[in-house]
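Read the structure below first, then the notes.
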Amino acid sequence: MERFFALTENGTTVRREMAAGAATFLTMAYILIVNPQILAAAGMDPGAAFVATCLAAALGSALMGLLANYPIALAPGMGINAYFAFGVVGAMGIHWKVALGAVFISGVIFMILSLLRIREWLIGGIPVSLKLGVAAGIGMFLGLIGLKNLGLVVANPETLVAMGHLGSTPVLLGCGGLLLIAALAARGVQGSVVIGILVTAAAGIPFGLTTFHGVVAAPPSLAPSFLQMDIAGALSLGIVSIVFVFFLVDLLDNTGTLIATTQRAGLMRPDGSVPKLGRALLADSGAVMGGAALGTSPTVSYIESAAGIQQGGRTGLTALTVAALFLLALFLAPIAASVPAFATAPALIFVACLMAQALKSMDWGDETEYLPAMLTVLAMPFTFSIATGIGLGFLAYAGIKTLAGRAGEVHGAVWVLSALCAVKFAVS
């Protein structure tokens with residue numbers, strides 16, 4: 001273990017790595033409750049979705065720990081899971097099996113481009129402003145879903161949206177849960193989101209809003225979702241744009257997390273490059289394909305890994321600890337089944353606020369940078385489409401830079417992605 005993970009070289013110990021893994025797991029364990037609910041909205045079996053979430057997180061985290069020796073955990077991504085369920089399956093009417101096929105294909109593309117080092121070219125070419133805009137925009141999309149699930153925002157034929165019934169018990173309990181999560185996070189409590197979800201769900205028991213199903217049980221069957229992806233259906237022309245969005249969001253999400261976490265762990269080189277980036281990207285792409293085969297939306301690197309890094313995690317042993325804990329969590333399915341939507345809605349809103357922090361790094365002094373990014377942020381929730389937001393952002397970036405006489409600042413990768421977005425809009 002010492003030789004494989006280079007513990008002494010990285011200034012850490014087995015005990016410290018395991019404690020760091022536990023901290024990371026507690027911080028991101030909310031996905032075990034939230035992801036099955038989101039996938040159930042797409043018509044998938046919630047029990048199978050729970051098992052797929054556990055196994056995909058365990059697989060992805062193990063791959064990252066073994067291939068790249070990084071203390072970074074993976075799991076089905078927030079935001080992109082909402083796009084999968086509400087955007088692709090819900091709004092577009094595409095069957096969830098076809099959507100899983102699109103996820104698998106995006107993972108294959110991900111791996112091919114990683115092996116050919118094209119993915120690194122794309123990463124380097126996408127401007128920071130658009131990366132920040134995509135992250136914040138997905139957060140806004142997630143926040144809108146959270147407010148809707150909470151009942152705080154409802155549809156209105158005259159104003160598009162309006163405030164729901166603030167005095168209803170589920171809304172009040174959900175708002176209290178959001179305040180609790182924020183307060184615990186402000187106090188630095190590990191697992192604040194999980195605690196907030198469970199307390200909110202428990203508060204609903206006296207009102208008949210929460211049905212307790214127990215704590216420990218044998219894992220549900222994975223059969224309803226295992227190897228159910230429809231790859232042939234996903235290869236049809238009409239779903240090319242969806243594959244593109246899964247790929248692009250995964251690219252940006254994983255890249256941002258890798259940069260942020262390796263910098264915090266002191267693993268980034270002085271020139272800003274990330275060592276063993278190729279191995280980390282292969283772990284990411286393998287996790288995406290494995291997750292699709294298991295039956296879940298794209299698996300991504302989690303920024304919550306910073307919690308474990310803060311506890312001293314420096315090697316892949318931290319990620320392997322997270323993987324082991326996700327496997328143990330397979331036996332906690334009754335808890336996940338007991339949590340109602342109004343209890344998980346605060347978690348969606350809280351994560352949305354965290355993702356919106358990306359905007360603080362925006363260059364607000366350059367219209368050619370912040371305007372395309374903000375167009376991306378605004379378009380995602382208001383068109384209820386992550387794909388539309390990304391497409392408009394790239395087209396606006398290339399167009400504004402060109403009209404401002406600064407076309408030379410547009411990287412070749414942006415021109416390629418903008419052209420693909422233009423084709424998408426033309427054929428849709």
field: Overall dimensions of the chain as given by Cα atoms, namely Rg and Dmax in Å
entry: 20.7, 65
field: Dipole magnitude of region 81-232, debye to nearest 20 (Cβ charges: Lys/Arg +1, Asp/Glu -1, about Cα centre)
entry: 260 debye
query: Which of T210, F382, A57 sits closest to the plus end of the dipole of the chain, meaning its Cα is farthest towards the positive end, when Lys and Arg get +1 and Asp and Glu get -1 on the C-beta?
result: A57
Dipole of the chain, positive direction: furthest Cα of A345, A85, A324, with charges on the beta-carbon: A324
- line: Note: L227 to A155 extended length (0.36 nm per residue) minus current alpha-carbon separation gives 22.3 nm
field: Calculated Rg and Dmax of region 189-254 using C-alpha coordinates, Å
entry: 19.7, 51
task: Check the straight Cα-Cα distances from K360 and name the lysines below 27 Å, setting aside those fewer than 8 residues away within the same chain.
output: K131, K148, K401
task: Starting from the Cα-Cα distance between A217 and V240, subtract it from 0.36 nm times their residue separation and give me the gain in nm to one decimal.
output: 4.2 nm
query: Can you work out the FRET efficiency for the pair T8 and L327, with r the C-beta to C-beta distance and R0 = 22 Å, to the nearest 0.05?
result: 0.20
query: Which of P275, P46, P157 moves the most in a Gaussian network model of the chain with Cα springs under 10 Å?
result: P157
message: Restricting to DSSP loop positions (anything but H, G, I, E, B) with no more than 14 other Cβ atoms inside 10 Å of their own Cβ, which trypsin sites (Lys or Arg not before Pro) remain in region 79-158?
response: R117
- prompt: Carbon and sulfur together cover what percent of the accessible area of the chain at a 1.4 Å probe radius?
  reply: 69 percent
Probe 1.4 Å, protein heavy atoms only - accessible area per residue of the chain in square angstrom: 40 Å²
field: Length-normalised contact order for the chain - Cα pairs under 8 Å, 6+ apart - percent
entry: 35 percent
- prompt: What is the magnitude of the charge dipole of region 11-155 about its Cα centre, with +1 placed on the Cβ of each Lys and Arg, -1 on the Cβ of each Asp and Glu, and no other charges, expressed in debye to the nearest 20?
  reply: 160 debye
task: Set Lys and Arg Cβ to +1 and Asp and Glu Cβ to -1, take the dipole of the chain about its Cα centre, and tell me which of G125, A398, Y302 lies farthest positive.
output: Y302
message: Between A73, A40, A102, where does the largest GNM mean-square fluctuation fall for the chain, given springs only between Cα atoms within less than 10 Å?
response: A40
field: Computed [θ] at 222 nm, helices only, for the chain once each DSSP H run of length n ≥ 4 contributes -39500 (n - 2.57)
entry: -20000 deg cm²/dmol
- prompt: Quick one: if you stick a label point 7 Å off each Cα along the C-beta vector at W415 and H95, how many nm between them?
  reply: 4.2 nm
- prompt: Under a point-charge model restricted to the Cβ atoms of Lys and Arg (+1) and Asp and Glu (-1), what is the dipole moment magnitude of the chain relative to its Cα centre, in debye to the nearest 20?
  reply: 440 debye
statement: For region 318-382 the chymotrypsin sites (Phe, Trp or Tyr not before Pro) that pass both the DSSP coil test and the at-most-15 other-Cβ-within-10 Å test are W364
field: Projected label distance in nm at L179 and I118, using a 7 Å step from Cα toward the beta-carbon
entry: 5.3 nm
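The values are calculated or read from the model by the stated rules, or taken from the named source; none is laboratory data. None of the values given here were measured: they were computed from a predicted structure. FYI the Cβ positions are ideal-geometry reconstructions off the backbone, even for glycines, and counts take in every protein chain you see. Surface accessibility is based on the protein's heavy atoms, side chains included, excluding ligands, DNA and RNA. Shrake-Rupley method; radii C 1.70, N 1.55, O 1.52, S 1.80 Å.
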